[in-house]
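Notes to accompany the following structure.
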Amino acid sequence: MPETEPQQATAGKREVSTRALVVLAVVAVLAYSLDRVSKSLVVENLTLGQPVNVIGELLQLRYVENPGAAFSLGSGSTWVFAIIAAIVAVFIVIFARRISSTAWAVLFGMLLGGNLGNLTDRLTRPPGFGVGHVVDFLQVYAFPAIFNVADVAIVSSMGLFILLTIRGIGLDGTRAAKRMTPVDADAPSHPAPSDPA
């Protein structure tokens, strides 16, 4: 028995949503894995505080332990950031079902992966659970803070958020203008009444 139009639309929406969830998961796993592997290599091979030139002074590797948030902000409040990061992760997982856009899926995937990367440091590294110091190691010339792959993923997701918002692309992948109800072109036009003489 052939599907009706509403059933076809529902099936299409379900397919797109599934694809978006897969994209979100793949991007999150990739961002998280790159962050964990890079931090492990840094801890094993670099000396704390010792710079290593990659592209002269333009890009250096400098292993530091950060008790604050992204880009070394808010030192001394690690447990607060750990709680916030956990809440954000849970929110993304719950909210993900509403995403039908691949671009938004990439955004939330980067945010989730980066968020979990730094949260893992706070939960597993010294000095203790919830207050662990985050491993940072990327230093760009004239940039005031040292950061890591998780920070790059988080900031990239924010940049993509701004771009999608400016372009008016919603969670379903459509532009704001297309989501507006068009005026019925078949509706009869009513001329304005003329003023009495």
I'd like to check something: does region 63-70 contain any residue that is modelled with pLDDT of 95 or more, out of contact with any helix residue (DSSP H, G or I) (no Cβ under 8 Å at 6 or more places or on another chain) and open to solvent by 50 Å² or more (accessible area, probe 1.4 Å)?
no
Restricting the first residue to region 110-124 and requiring it to be open to solvent by 30 Å² or more (accessible area, probe 1.4 Å), which pairs with a second residue that is among the aromatic types (Phe, Trp, Tyr) and at pLDDT below 95 meet a Cβ separation below 8 Å and a spacing of at least six or different chains?
Leu123/Phe129
What's the number of the only condition in (1) under 20 Å from Ser33 (Cα atoms); (2) open to solvent by 40 Å² or more (accessible area, probe 1.4 Å); (3) free of Cβ contacts under 8 Å to residues at least 60 places away in the same chain that His133 fails to meet?
(3)
Can Asp136 be described as under 21 Å from Arg62 (Cα atoms), in a helix (DSSP H, G or I) and in contact with a helix residue (DSSP H, G or I) (Cβ under 9 Å, 6 or more places away or on another chain)?
no
Contact list please: Cβ distance under 9 Å, first residue in region 148-164 and in a helix (DSSP H, G or I), second residue open to solvent by 40 Å² or more (accessible area, probe 1.4 Å) and of a type in the set (Ser, Thr, Tyr), pairs at least six apart or on different chains.
Ala150/Tyr32; Ala153/Tyr32
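The values are calculated or read from the model by the stated rules, or taken from the named source; none is laboratory data. Computed from a predicted structure; not experimentally measured. Every residue, glycine among them, receives a Cβ derived from its backbone with ideal geometry; neighbour counts consider all protein chains shown. Ligands, DNA and RNA are stripped out before the accessible areas are found, and what is left, the full protein with its side chains, is counted by its heavy atoms. Shrake-Rupley method; radii C 1.70, N 1.55, O 1.52, S 1.80 Å.
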